[in-house]
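The values are calculated or read from the model by the stated rules, or taken from the named source; none is laboratory data. The structure displayed is predicted, hence computed values, not measured ones. Cβ coordinates were reconstructed from backbone atoms using ideal geometry, including for glycine residues, and neighbour counts include every protein chain displayed.
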Amino acid sequence: MQNRMMITGAGSGLGREIALRWAREGWRLALSDVSDDGLQETLKLVREAGGDGFIQRCDVRDYSQLTAFAQACEQKFGGIDIIVNNAGVASGGFFGELSLEDWDWQIAINLMGVVKGCKAFLPLLEQSKGKIVNIASMAALMQGPAMSNYNVAKAGVVALSESLLVELRQQEIGVHVVCPSFFQTNLLDSFRGPTPAMKAQVGKLLESSPITASDIAGYIFDQVGQGEFLILPHEQGRMAWQLKQQNPQAIYNEMANMADKMRAKARAE
Ligand SMILES: NC(=O)c1ccc[n+]([C@@H]2O[C@H](COP(=O)([O-])OP(=O)(O)OC[C@H]3O[C@@H](n4cnc5c(N)ncnc54)[C@H](O)[C@@H]3O)[C@@H](O)[C@H]2O)c1
């Protein structure tokens, strides 16, 4: 029976809600984050929801911490059935304003953190014929303005997931990638960017979501169960992706108009 899941970034937001959704099915959760308080709270909620597990501090930038976490999963659970590479941070700013340090920071967490998570856990997944669930974003597919480093990191997560889908079929390891649009979490706390105005704009976008992190976790649960590779939890996101495939220029035009508006707004402030 498969019932052991590990999640990175499980101390808040979507990571916590994914833990709770699977906890309700009685799964054992290996929860990691850089926030100890967040992890304690998630484990408490997981137990209340009917699951159990353990917590381990793990910064996804550090491969040795991920391999130590994989070892802990082997010792405590005897292996792992699903890994969820969810830890991530927010960023924004027009390309000309972003520093190379902004790029390094974003790529190190949102892209290389996922690469390292997959690599550290691959031996355990080979044993269990388990599944990989990578959390990307609609930003990977739509390339909204003033977030090029985030767009690139998340597009990398989609490309990595497609590569693994193809390469790992023979080992019977399932691969899924999730691309949500904006939704309300604590993601803004980690925001890094050149202007406070940009942070405020991202804040408004997070608030605008018609669905919650809990709804998204439920949708992921159902879609993983159905074996869906590309998981788009927002209805609007599914429509936008369809349009992009049919008429990419229409999306580029819309995004360019949005960039013009953002620049005009920034000038007025
Ligand atoms: N909220 C959104 O609008 C949105 C949209 C699309 C995709 N996502 C993605 O969803 C994922 C979860 O984000 P969220 O919205 O729940 O935000 P969140 O800030 O509530 O949760 C992210 C968690 O990741 C942890 N984290 C940050 N850096 C880390 C590191 N180096 N190592 C380990 N853990 C680290 C944080 O401590 C936090 O607990 C992210 O990958 C994010 O990019 C979010």
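If you check Glu74, Glu17, Glu41, which single one turns out to be part of a helix (DSSP H, G or I) and under 27 Å from Val158 (Cα atoms)? Give the derivation first.
Details: Glu74 fails: under 27 Å from Val158 (Cα atoms); Glu41 fails: under 27 Å from Val158 (Cα atoms).
One residue alone meets the criteria, Glu17.
Residue-wise test of (1) in a helix (DSSP H, G or I); (2) crowded, with 20+ Cβ neighbours inside 10 Å; (3) at pLDDT below 95; (4) more than 16 Å from the ligand (Cβ to nearest atom).
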{"residue": "Gly79", "(1), (2), (3), (4)": "no, no, no, yes"}
{"residue": "Ile83", "(1), (2), (3), (4)": "no, yes, no, no"}
{"residue": "Phe95", "(1), (2), (3), (4)": "no, no, no, yes"}
{"residue": "Leu98", "(1), (2), (3), (4)": "no, yes, no, yes"}
{"residue": "Ile109", "(1), (2), (3), (4)": "yes, yes, no, no"}
{"residue": "Val114", "(1), (2), (3), (4)": "yes, yes, no, no"}
Query raised in the report: Is it fair to say Ser32 is farther than 23 Å from Ser209 by Cα, in contact with a helix residue (DSSP H, G or I) (Cβ under 8 Å, 6 or more places away or on another chain) and not aromatic (Phe, Trp, Tyr)?
Result: yes
Report summary line: Note on Gln56: of the conditions (1) within 13 Å of the ligand (Cβ to nearest atom); (2) more than 18 Å from Ser128 (Cβ to Cβ); (3) assigned to a helix (DSSP H, G or I); (4) in contact with a Phe, Trp or Tyr (Cβ under 8 Å, 6 or more places away or on another chain), unmet is (3)
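Which of the residues belonging to the range 137-184 are among the polar types (S, T, N, Q), within 8 Å of the ligand (Cβ to nearest atom) and crowded, with 21+ Cβ neighbours inside 10 Å? Can you show your working first?
Of the residues in the range 137-184, the ones among the polar types (S, T, N, Q) are 137, 143, 148-149, 151, 161, 163, 170-171, 181, 184.
With the extra rule that they be within 8 Å of the ligand (Cβ to nearest atom), the set shrinks to 137, 181, 184.
Hits for the range 137-184 are Ser137, Ser181.
Do the conditions hold for Leu39, that is, is it at pLDDT 95 or above, under 18 Å from the mean Cα position of the chain (by Cα) and not charged (D, E, K, R)?
Working: at pLDDT 95 or above: yes; under 18 Å from the mean Cα position of the chain (by Cα): yes; not charged (D, E, K, R): yes.
Yes; evaluated as a whole, the condition is true for this residue.
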Query raised in the report: Quick one: would you say Ser64 is part of a helix (DSSP H, G or I) and either free of Cβ contacts under 8 Å to residues at least 12 places away in the same chain or near the ligand (Cβ under 10 Å from one of its atoms) (or both)?
Result: yes
Query raised in the report: Out of the range 116-136, which residues are in a loop (DSSP other than H, G, I, E, B) and within 15 Å of the ligand (Cβ to nearest atom)?
Result: Ala136
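So which helices (runs of 4 or more DSSP H) are wholly in the range 137-247 and hold at least 2 residues that are under 23 Å from Ser12 (Cα atoms) and touching a Leu at 6+ places or on another chain (Cβ under 9 Å)? Give the derivation first.
Values: elements: 139-142, 148-167, 196-207, 213-225, 235-246.
Because the criterion is at least 2 residues that are under 23 Å from Ser12 (Cα atoms) and touching a Leu at 6+ places or on another chain (Cβ under 9 Å), the helices (runs of 4 or more DSSP H) in the range 137-247 that meet it are 148-167, 196-207, 213-225.
Go through the range 169-189 and report how many residues are small (Gly, Ala, Ser) and under 19 Å from Ile82 (Cα atoms).
We begin by selecting, within the range 169-189, every residue small (Gly, Ala, Ser); these are 174, 181.
Cutting the leftovers down to under 19 Å from Ile82 (Cα atoms) gives us 174.
Summing the residues that are small (Gly, Ala, Ser) and under 19 Å from Ile82 (Cα atoms) in the range 169-189 gives 1.
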